[in-house]
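I have placed the structure first, in the form of structure tokens, so that the comments after it can refer back to it.
The values are calculated or read from the model by the stated rules, or taken from the named source; none is laboratory data. Keep in mind that what you see is a predicted model, and the values were worked out from it rather than measured. All Cβ positions, glycine included, derive from the backbone under ideal geometry; neighbour counts span all protein chains shown. Just so you know, the surface numbers come from the protein's heavy atoms only, side chains and all, with ligands and any DNA or RNA stripped out. Shrake-Rupley method; radii C 1.70, N 1.55, O 1.52, S 1.80 Å.
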Amino acid sequence: MTVSEQLRLEQTAFVAAVAGELTDFLTTRQALVAGISPDIEPLMGSISNLVTGGKRLRALMCYWGWRGAGGEPAAGQIVTAGSALELFQAAALIHDDIIDRSDTRRGGPSVHRRFSQLHDAQGWALDSERFGHAAAILTGDLCLSFSEEAFTDIGGQAASGSRARLIFNLMRTEVMAGQYLDILEEVAGPVRDRAGAVTRAQSIIRFKSAKYSTEHPLALGGALAGASDELLRGYSAFALPLGEAFQLRDDVLGVFGDPVTTGKPAGDDLREGKRTVLIALALEQASAQESAFIDARLGSPDLGEEDVAEIRRIIEESGALQATELLINEFGTAAYEALEQLPLDELPKTALRRLAEATVSRAA
């Protein structure tokens, strides 16, 4: 059997195991909440819907971190860890869509929009949008609680004070801190020193996304398998720049991506007012008049297609898009070079290389 064949079989088996465990986990919780009230079912349905899709990037990074540190294929602990990460990701998506006022997720209505539609369909009293937001916040909180329950189910390797527990806790704290920095920049960015906009945007992507998308999941898998400090440092040297490239690519897709592929309207990040590295570079490199136009229109709820097209033009002609692509390439190169230095067997190294390639060059 070739390395590619072994990789495909092992990865497919792991992804299927995570899906099965998530189904089993949520089925038991469904039975629990059904005893409270059948009205809770839409919360459970929303969580189930989110965790059945997606790329499983974080779970796969965790798995190959485990395997690279000598963990056995598809062992119960790593499947449970992957499930916990998927539940945490689902919670983050629910809350993120509320914060960003995003009506779509993976080509369908976001969770808060689903609850608003439920309100309208049932003819309930008061404001449907407010109900949708409140119900989605609670759904996200429930999903966070489930993530903690699942992680605790790993047992002693994830107990208080363990390396894995410290990584899991740090990951969650950094995501929340990064999320706050993101919304802060949306409102404070226009009146802050423009010279620091790129640095602030890079800090946001590091803590809001890069660390929890790649670095922490990889280290978490390694820690569960008993990886040495040296290997964990090597994991970080590879995964952190990879995560930064991942988020920069996401920012480009948020402005220039094909809605059919991304599942979100074209220019959605512009309507949400995201002050990404891409936008920070445009503000820095465009003319004063063009920068003022971006500041005035970014995040406007009535941002039309002509405005989106104009901001895209400014981003391209100012050189901001090209500069962002160069950053993606630089981070990608740093990740690949660090990967080659990792003392891993051929299978996990090949798996991580392919995950890196898919992450940097993705179209959705």
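Some notes on this structure:
- Value of [θ]222 nm, deg cm²/dmol, for the chain, DSSP H segments ≥ 4, -39500 (n - 2.57) each, nearest 500: -24000 deg cm²/dmol
- Percentage, to the nearest whole number, of Cα pairs in segment 137-268 over 27 Å apart: 32 percent
- With all protein chains in place and a 1.4 Å probe, the accessible surface of segment 96-228 carries 57 percent carbon and sulfur.
- Long-range amide H partners of Thr104 with built H, under 5 Å: Ser110
- Table column - 3J(HN,Hα) (Hz), segment 311-319, Karplus curve with 6.51, -1.76, 1.60, x for Gly and Pro: 5, 4, 4, 4, 4, 6, 6, 6, x
- Reducing segment 145-198 and segment 258-273 to their Cα centroids gives an inter-centroid distance of 25 Å.
- Accessible area expressed per residue, the chain, with surrounding protein chains retained (probe 1.4 Å, Å²): 43 Å²
- 20 Å-binned pair-distance histogram of the chain (Cα, whole percent): 28, 56, 15, 0
- For the chain, relative contact order (Cα pairs under 8 Å, six or more residues apart, normalised by length) works out to 19 percent.
- Dipole orientation for segment 214-364: of the candidates Phe293, Ala219, Thr359, Ala219 has the Cα lying most toward the positive pole (charges on Cβ; Lys, Arg +1; Asp, Glu -1).
- Distance from the Cα centroid of segment 315-353 to that of segment 32-63 is 32 Å (rounded to whole angstrom).
- Which of Arg354, Arg130, Arg206 is most accessible, then next, and so on - probe 1.4 Å: Arg130, Arg354, Arg206
- Only Cα pairs under 8 Å and 6+ residues apart enter the sum, and on that basis the relative contact order of segment 202-300 stands at 24 percent.
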